[in-house]
Amino acid sequence: MAEERNNGHKWTMIVDLDKCTGCQACVVACHAENNVPISSEDEVIRGRANHWIRIERYWEGEYPNVKARFLPVFCQQCGNAPCEPVCPVYASYHSTEENVNIQVYNRCVGTRYCGNNCPYRTRLFNFWAPRFDEPLEQQLNPDVTVRSPGVMEKCTFCIQRIRRGREQANIEGRPLEDGEIVPACAQACPTDALIFGDKWNEHSRVAQMVPSERQFKLLENLGTEPAVYYLKGGETHVGE
Amino acid sequence: MRRLAGLSLRQRLLFGGAVLGGAAVVVILLVIVIAQTSAADGQPIAFNHKIHAENGIQCQFCHVGVTKGPVASIPSVEKCMGCHEYIATDSPQIQKLHGYWERQEPIPWKRVNDQPSFVYFNHASHIAAAVSCGACHGAVEEMTVAEPVANMNMGFCLDCHAQQENKDALWDCAVCHR
């Protein structure tokens, strides 16, 4: 389901690894924005930690000259997504309007084929009813579905913010401006390592940064055409 | 019960299952009937849309959110009292309103039109696209009791979306599901 340029938007994220300090503010912001349930310690040990963003940590060098490197990994919103053709009920489908991969929760029957076919391991399955410890249950975002058990979920590029921004621009009868739509992770990032925008809008910050020399994509050789671009850090060898 | 005495255990279990099943069906039917009628006649105040429309009050005067965002909004007690502090104060329904105002309680209106929690509808987008209120809500200005006129399911939404110029954009799942 490769993408063709149309009248929609090509939402794109740039992750500048030179700026990422591994603080995990994006992870927390994502939990708060997207009603991501909190896994218990037991579940985490069984490999069922529920985070839409995970910060992969790499150690470089020998003690005592050790450096920590961080790589935030979330759904890559592939242009040619392996999760889409395997879904028997079209719950995982490609939005031709936003050009991101959408998970329709109320359509998902929980076969988990999509998660098994995702090379980035960014899809998560709800094994249990979502749990939010007090007082977190009082800050659930009303713009996002609280997923029921048996449903797959993943990063959506904060589709609720994308839609809200577009609807607001529509209501006011004006074109959408670059930087108007910011996902929770990019908003929370203290070092501005996450940059979000429409790559098809040539004046956007993202469109101007993508042709960088430092740019690479995760597992690019698979041909998944991710919409997430990483910029190499100065001395890092990640992605080489 | 005496008749049961001669039956085997298997037959007794079958009989008990049938009784329980029958009871369950009755309860479910009752719940459905109650759910369908409660919105219409169970409102805390018998609010009459028709009288208000006849007096030239526009929908947006009370439902102020309808041009601004997703929620059309139910007016506050304060909004009602803006007029009814002086108008029709001898009506028993308006006296109920005064009761809520004096006790500083919100009116526990029962929801008339509802959407499931996984559907995100934006009133303002539809108003901006020149969809009239009546296209979905019917002739509310003629209603003495507010009632849903359409079964607002996915087919109802898509029937209209399919007729629009930007049909392809309006068929995207993410338009309503997030």
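Tabulated results
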read-out: Charge sum, other residues only, whose C-beta stays under 13 Å from A:Tyr90's C-beta, Lys/Arg counted +1 and Asp/Glu -1; value: -1
read-out: Pairwise FRET efficiency - B:Ala130 versus B:Cys83, Cβ, R0 = 41 Å, nearest 0.05; value: 0.90
read-out: Theoretical FRET efficiency, 1/(1+(r/R0)^6), r = Cβ-Cβ of B:Glu147 and A:Glu3, R0 30 Å, to 0.05; value: 0.10
read-out: Within chain A, longest stretch clear of exposed trypsin sites (Lys or Arg not before Pro) (DSSP loop, no more than 11 other Cβ within 10 Å); value: A:122-240
read-out: Extension gain from A:Val89 to A:Tyr63, taking 0.36 nm per residue of separation minus the Cα-Cα distance; value: 4.2 nm
read-out: Neighbourhood net charge (12 Å Cβ-Cβ; Lys/Arg +1, Asp/Glu -1) for A:Ala49; value: +1
read-out: Cα gyration tensor shape for the range A:11-231, rounded if a/c is under 1.5, else prolate or oblate; value: rounded
read-out: Cα gyration tensor category, rounded, prolate or oblate, for the range A:1-62 with a/c compared to 1.5; value: oblate
read-out: Fully extended contour minus Cα-Cα distance, from A:Arg48 to A:Leu219, at 0.36 nm per residue; value: 59.3 nm
read-out: Of A:Asn99, A:Asn170, A:Asn141, the one that fluctuates the most in a GNM where chain A has Cα springs shorter than 10 Å; value: A:Asn170
read-out: GNM result for chain A, Cα springs below 10 Å: residue of A:Asn221, A:Asn101, A:Asn201 fluctuating most strongly; value: A:Asn221
read-out: Residues of type lysines that A:Lys10 reaches as a straight line, Cα spacing below 25 Å, ignoring anything fewer than 8 places off in the same chain; value: A:Lys19, A:Lys154, A:Lys199, A:Lys217, A:Lys232, B:Lys167
read-out: Selection of chymotrypsin sites (Phe, Trp or Tyr not before Pro), the range A:100-198, meeting DSSP coil and at most 10 other Cβ within 10 Å; value: none
read-out: Residue-averaged beta-carbon neighbours from other chains (10 angstrom radius) around A:132-145; value: 1
read-out: Proxy reagent accessibility, fewest Cβ within 10 Å first, across A:Tyr58, A:Tyr63, A:Tyr230; value: A:Tyr63, A:Tyr58, A:Tyr230
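Bear in mind these aren't lab numbers, they're just calculated from the coordinates by the rules spelled out. Predicted, not measured: the structure shown is a model, and the values here were computed from it. Note: ideal-geometry Cβ built from the backbone for every residue, glycine included; neighbour counts use all protein chains shown.
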